[in-house]
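The values are calculated or read from the model by the stated rules, or taken from the named source; none is laboratory data. Computed from a predicted structure; not experimentally measured. Reconstructed Cβ throughout: ideal geometry from the backbone, glycine too, with neighbour counts over all protein chains shown.
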Amino acid sequence: MADNNTKASVVLGCQWGDEGKGKLVDILAKDIDVCVRCQGGNNAGHTIVVDGVKYAFHMLPSGLVNLKCVSVVGSGVVVHLPSFFSELEELEAQGLDCDGRLFISDRCHLVFDFHQIVDGLKEGELGRGSIGTTKKGIGPAYSSKASRSGIRVHHLYHPEEFEKRLRTIVAARYRRYGDFGYDVEAELARYKQLAERLRPYVIDSVEYLHKALGAGKRVLVEGANALMLDIDFGTYPYVTSSNTGVGGVCTGLGIPPSKIGSVIGVAKAYTTRVGGGPFPTELLDDVGQKLRDVGAEYGVTTGRPRRCGWLDMVVLRYSTMINGYTAINLTKLDVLDVFDEIKVAVSYDIAGKKVTAFPADLDDLASAKVNYVTLPGWNQSISKCRSFAELPENCQKYVRFIENDIGVPVKWIGVGAGREEMISVDTNE
Ligand code: GDP
């Protein structure tokens, strides 16, 4: 008999993104039945290599690489339909059969081209204080959602309502930003076609997921972005526009907390961040450049160098408090192979006071003096290690230091970019 107590497993980014969530999801995807995205849009992304073929994912759940797995774009995701189809076409052109394995919630909000235009205009207005968004229209689409003027997937099938809402929302944006030359008539015609094309994918995902969990299916929720970019708990306003933490799993899917099982936090062995905003352990010197070069910390699509710095336990502790990780995947530990000593931030001094919790205020963060502990490096390559015991002693100590600080076991350790370059830590080790 099916186990009707199945709980969803969740993979979330612990820092500012690009932690390497893709590789873990890829490994876990082999044993799951349903892979779900719950928030964000096509501003996320990772590449998964299977049998030598490179698949690029931006908005679609990467469980699609497993032919036995069904993928669901949950209600909390905002969807730009032309991008949804171009991503799907690209995957199918590479030989991935997605037929009957991909569904989208009828409650998803739509991202339109005008949202993308507005994204650029908004960033332009902010000038030097810009957020560094990907200009994919994600933020403006979530703004439309919050202001109750958004358009959802189900509206596509009520053409009069759809047209009324589209005209109203574009008129409002013109009032705010001036006439930016958006062809509403062409868009209405285009969406008539897109609606029909989308029809076979549309489901009530709330009911679907509840039935899947009730039938004992193994569900994996694939987080996008990361906790420090959460709209509520990240470094506001330098954040994304959705809840990237565990709360976003409930609100983005319509599942209760009691249906969430393991919450795996993916943390890089150091810290990186893209775009503007506070980053207390950022290194603007040669050490930062070395982390960037060894870790290949350059944006995949933009080539933009990522900001780099030492691991920050203040961030990781905060992230753990909010998301309640049951296990950690420490990634890119091999990048630290080349350092004689490794620093880890343990607290900040702000206005003469020692602070161990992550502050809300950006000015406090900007003035924070970071207190580090220095741990010895291991000065050798760990990329061939396949068990915790094979790691050099100082490397083991580094992992244990992190575990002890946050009180969560490190269950996977990334020791290289390859799929096989991952240590699965035996809990008895
Ligand atoms: P995501 O945005 O969090 O899903 O991150 P990605 O999946 O884009 O991963 C970031 C990059 O790090 C990719 O190029 C991965 O191949 C690479 N990567 C992942 N894990 C490791 C690791 O343990 N070591 C090294 N050197 N590279 C890794």
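Checked against (1) under 20 Å from Val25 (Cα atoms); (2) in contact with a Gly (Cβ under 7 Å, 6 or more places away or on another chain), Phe233 passes all but a single condition, namely (1). The single condition among (1) of a type in the set (Gly, Ala, Ser); (2) without any contact (Cβ under 8 Å) to a residue 40 or more places away in the chain; (3) more than 14 Å from the ligand (Cβ to nearest atom) that Ala56 does not meet is (3). Determine whether Ile32 is touching a helix residue (DSSP H, G or I) at 6+ places or on another chain (Cβ under 7 Å), away from the ligand (no atom under 16 Å from the Cβ) and under 30 Å from Tyr182 (Cα atoms). In short, no.
Residues considered: Leu166, Leu121, Leu126. Of these, the only one that is part of a helix (DSSP H, G or I) and within 18 Å of Pro82 (Cβ to Cβ) is Leu166.
Note on the range 358-429: enclosed strands (runs of 3 or more DSSP E) holding 1 or more residues that are more than 26 Å from the chain's Cα centre (by Cα) are 369-376.
Suppose the filter is out of contact with any Asp or Glu (no Cβ under 6 Å at 6 or more places or on another chain) and crowded, with 24+ Cβ neighbours inside 10 Å; does Val249 pass it? Yes; evaluated as a whole, the condition is true for this residue. The single condition among (1) within 19 Å of Leu60 (Cα to Cα); (2) at pLDDT 95 or above; (3) within 25 Å of the chain's Cα centre (by Cα) that Lys136 does not satisfy is (2).
Yes/no matrix, rows are residues, columns are (1) surrounded by 24 or more Cβ atoms within 10 Å (Cβ to Cβ); (2) in contact (Cβ under 8 Å) with a residue 40 or more places away in the chain; (3) out of contact with any His (no Cβ under 8 Å at 6 or more places or on another chain); (4) within 19 Å of Arg419 (Cα to Cα):
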| site | (1), (2), (3), (4) |
| --- | --- |
| Ser9 | no, yes, yes, no |
| Ile48 | no, no, yes, yes |
| Pro61 | yes, yes, yes, yes |
| Asn66 | no, no, yes, yes |
| Val78 | yes, yes, no, no |
| Ser83 | no, yes, no, no |
| Cys98 | no, no, yes, no |
| Leu110 | yes, yes, no, no |
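Just to be sure before I move on: is Gly377 touching a residue at least 24 places away in the same chain (Cβ under 8 Å) and surrounded by fewer than 19 Cβ atoms within 10 Å (Cβ to Cβ) in the structure I sent? In short, yes. Scanning the range 255-276 for residues that are surrounded by fewer than 21 Cβ atoms within 10 Å (Cβ to Cβ) and either within 19 Å of Met321 (Cβ to Cβ) or not hydroxyl-bearing (Ser, Thr, Tyr) (or both) returns Pro256, Pro257, Lys259, Ile260, Gly261, Ser262, Val274, Gly275, Gly276. Under the condition of being under 19 Å from Gly254 (Cα atoms) and either among the hydrophobic types (A, V, I, L, M, F, W, C) or part of a loop (DSSP other than H, G, I, E, B) (or both), the residues counted in the range 27-57 number 8. Every test in (1) farther than 18 Å from Val266 by Cβ; (2) touching a strand residue (DSSP E or B) at 6+ places or on another chain (Cβ under 6 Å); (3) free of Cβ contacts under 8 Å to residues at least 40 places away in the same chain is passed by Val425 save one, and that test is (1). Among the residues of the range 12-28, the ones that are surrounded by fewer than 24 Cβ atoms within 10 Å (Cβ to Cβ) and of a type in the set (A, V, I, L, M) come to 3 in all.
Does the range 392-412 contain any residue that is surrounded by fewer than 16 Cβ atoms within 10 Å (Cβ to Cβ), away from the ligand (no atom under 16 Å from the Cβ) and among the hydrophobic types (A, V, I, L, M, F, W, C)? Checked the range 392-412: no residue is surrounded by fewer than 16 Cβ atoms within 10 Å (Cβ to Cβ), away from the ligand (no atom under 16 Å from the Cβ) and among the hydrophobic types (A, V, I, L, M, F, W, C). Among the numbered conditions (1) part of a helix (DSSP H, G or I); (2) within 19 Å of the chain's Cα centre (by Cα); (3) hydrophobic (A, V, I, L, M, F, W, C), the only one that Leu60 does not meet is (1). Taken over the range 172-221, residues that are assigned to a helix (DSSP H, G or I), aliphatic (A, V, I, L, M) and surrounded by 12 or more Cβ atoms within 10 Å (Cβ to Cβ) amount to 10. Only a single criterion out of (1) more than 16 Å from the ligand (Cβ to nearest atom); (2) over 12 Å from the mean Cα position of the chain (by Cα) is not satisfied by Leu220, namely (1).
If you go through the range 30-46 and keep only what is buried (at least 19 other Cβ atoms within 10 Å of the Cβ) and at pLDDT 85 or above, you end up with Ile32, Val34, Cys35, Val36, Arg37, Cys38, Gln39, Gly40, Gly41, Asn42.
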